[in-house]
Amino acid sequence: MSRIVVASKKPVWIALTVALVVHTGLISLQGRRRIDTSFIRVWIIDSLAPLEKIADRSFSRVRQSWDRYIALIGVHDENERLKRENDELRLQVVQQREAVLEAERIRVLVGFQHSGIENPILARVIARDPARSQTITIDKGTAHGLKTDTAVFTPSGIVGRVIHSSNYFSIVQLIIDSQSAVGVMLQSTRRQGIVKGNGGPDLDLDYIDDDSDLKEGDTFLTSGGDRIYPKGLPVGIITSVGPRRGLLKTIEVRPSADLGRLEEVLCITQQHENAEVPDPTEGQPVP
Amino acid sequence: MRRITTIRIIGRFATALIAVVVMQGILSFKFKVFGYFDLPLICCVYYGFTLSNPIASIIIGSALGLMQDSLSGAVLGANGLSKTLIAFFAATAGGKFAVDQVVTRVFALFLFSLGDDLLVTILALMVGSGSGPTYSGAMSTWLLSATFNTLFGLVLFGYHDRWSNATT
């Protein structure tokens, strides 16, 4: 009897060992980056993301029908229009404020070229990650010009960067992810630093030259130093300045974009290379 | 005829597993609270307990985990490994303990949920691409998630009991 039980249990252990070896192998291959395992991910994304898109559309249609015809007839459209208008105006205000500050700052500079964003691609968010890491899935991929490290943003602020791309879908790592870091500068003083995600709703200031003049309400913009996000896009606002821990004060930054309610995002596939800003003293008459 | 039945059963299982992963992605995008649920984990425990077939459970756990990893920023294999182990333990427990008791189910679901979070985070940190919560509220997130998973799992098991009582 005992022999029969032992014999029948064997396949279970074989199956378990095979499964564990396969998964451990996948993990270690990624850790050592010997073999590119991204094709597995691309294959699964290409197979499952269309289903997510269909489910998302069906869900959105049901919701839209409710919003438009049952709950609030006509009000929804007006609200959507006003939201769009508001987003556009906010972006314009930020850009103009930036332009004024920039103009004042670079009057004496020679040969400065403004960094611009060319043809941003509008993508729809179709799902959030099913494994509780801070990622979203969007319905644009390599076929639309997206690739790893493509910057993703909304008019309110930056959202994140593409980390995996299949032909028609991409996984975007949000800036609040614990593996995310963004090069930033303070809008008022142009002091540069780095903010990092911590997996929570806020960002942590990881580095800055001098934190003595930082205060609540200060705005951080992208510095362009990370070569992912173009310069001058809103990142977040300081919500708390805590006591010094190590070299820096504990500073929490609330992202400008509402990362919990993303529906459409813009992807930057092309941007002008930032021209190196010359030394401000250069070209001025020597006393 | 027997082969057709087998293919049909496998097809149904595959559809159910894909639906679970897709629903998890859609629901956590549409409703923030679903970010705390881990439907694939509940599915692993559910199939582990109800099928009491370790080999089938291992395959289900592996497939669910791999799909979950692919559709997220998580390291490929982390959820796969974790869900495989959970499905195996659930199936083994299903054959040895009285898993039709509410207390056993609560205990198992809560522990499996915490274990899954812990293992995935450790694996991700070992590879150096940890994307799980590393902020101070990580433990509270795990506890909240374990509570939600336990409650949802109990509802699911309740329906299963009702359905199996009705058919027998």
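The values are calculated or read from the model by the stated rules, or taken from the named source; none is laboratory data. Remember, it's a predicted structure, so these values are computed and weren't measured experimentally. Glycine also receives a Cβ, built like all others from the backbone with ideal geometry; neighbour counts cover every protein chain displayed.
Each row is one residue, and each column tells you yes or no for (1) modelled with pLDDT under 85; (2) over 12 Å from A:VAL253 (Cβ atoms); (3) of a type in the set (Phe, Trp, Tyr).
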| position | (1), (2), (3) |
| --- | --- |
| A:PHE169 | no, yes, yes |
| A:VAL182 | no, no, no |
| A:LYS196 | no, no, no |
| A:LEU203 | no, no, no |
| A:ASP213 | yes, yes, no |
| A:LEU221 | no, no, no |
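Which of the residues that make up region B:25-60 are assigned to a helix (DSSP H, G or I) and among the small types (Gly, Ala, Ser)? Walk me through how you get there before you give the answer.
The initial filter retains those residues of region B:25-60 that are assigned to a helix (DSSP H, G or I), namely B:25-30, B:32-36, B:39-51, B:54-60.
Scanning region B:25-60 gives B:GLY25, B:SER28, B:GLY35, B:GLY48, B:ALA56, B:SER57.
Checking the structure you have, find out if any residue of region B:72-85 is in contact with a Phe, Trp or Tyr (Cβ under 9 Å, 6 or more places away or on another chain) and at the interface with another protein chain (Cβ under 9 Å from one of its Cβ atoms). Don't jump to the end; show me each part of the working.
Step one: of region B:72-85, the residues in contact with a Phe, Trp or Tyr (Cβ under 9 Å, 6 or more places away or on another chain) are none.
No, the conditions are met nowhere in region B:72-85.
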I'd like to verify a number: residues in region A:223-263 that are outside any loop (DSSP other than H, G, I, E, B) and either of a type in the set (Gly, Ala, Ser) or on the phi > 0 side of the Ramachandran plot (or both), how many? 4
Here are B:VAL127, B:VAL99: which of them is more than 9 Å from chain A (Cβ to nearest Cβ) and of a type outside the set (Asp, Glu)? B:VAL99
Inside region A:194-214, can you point out the residues that are without any contact (Cβ under 8 Å) to a residue 24 or more places away in the chain and touching a Leu at 6+ places or on another chain (Cβ under 6 Å)? none
Testing B:PHE49 on (1) within 17 Å of the chain's Cα centre (by Cα); (2) farther than 30 Å from A:SER28 by Cβ; (3) surrounded by fewer than 24 Cβ atoms within 10 Å (Cβ to Cβ), one condition comes back false. Which one is that? (3)
Being more than 13 Å from every other protein chain (Cβ to nearest Cβ) and closer than 21 Å to B:GLY25 by Cα is the filter here, so list the residues in region A:155-198 that pass it. A:VAL159, A:ASN167, A:TYR168
On the basis of being without any contact (Cβ under 8 Å) to a residue 24 or more places away in the chain and either within 20 Å of B:VAL127 (Cα to Cα) or outside the structural domain of A:GLU264 (by TED's automatic domain parsing) (or both), does A:GLN179 make the cut? yes
What about B:LEU41, is it within 11 Å of another protein chain (Cβ to nearest Cβ), more than 12 Å from the chain's Cα centre (by Cα) and crowded, with 22+ Cβ neighbours inside 10 Å? no
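Among the listed residues A:GLU85, A:GLU98, which satisfies the condition of being at pLDDT 80 or above, outside the structural domain of A:ALA257 (by TED's automatic domain parsing), part of a helix (DSSP H, G or I) and among the acidic types (Asp, Glu)? Give the steps one after another, and end with the answer.
Numbers: A:GLU98 fails: at pLDDT 80 or above.
A:GLU85 is the lone residue from the list that is at pLDDT 80 or above, outside the structural domain of A:ALA257 (by TED's automatic domain parsing), part of a helix (DSSP H, G or I) and among the acidic types (Asp, Glu).
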Against the condition in the same structural domain as A:THR250 (by TED's automatic domain parsing), touching a Cys at 6+ places or on another chain (Cβ under 6 Å) and under 24 Å from A:GLY260 (Cβ atoms), how does A:THR150 come out, does it pass? yes
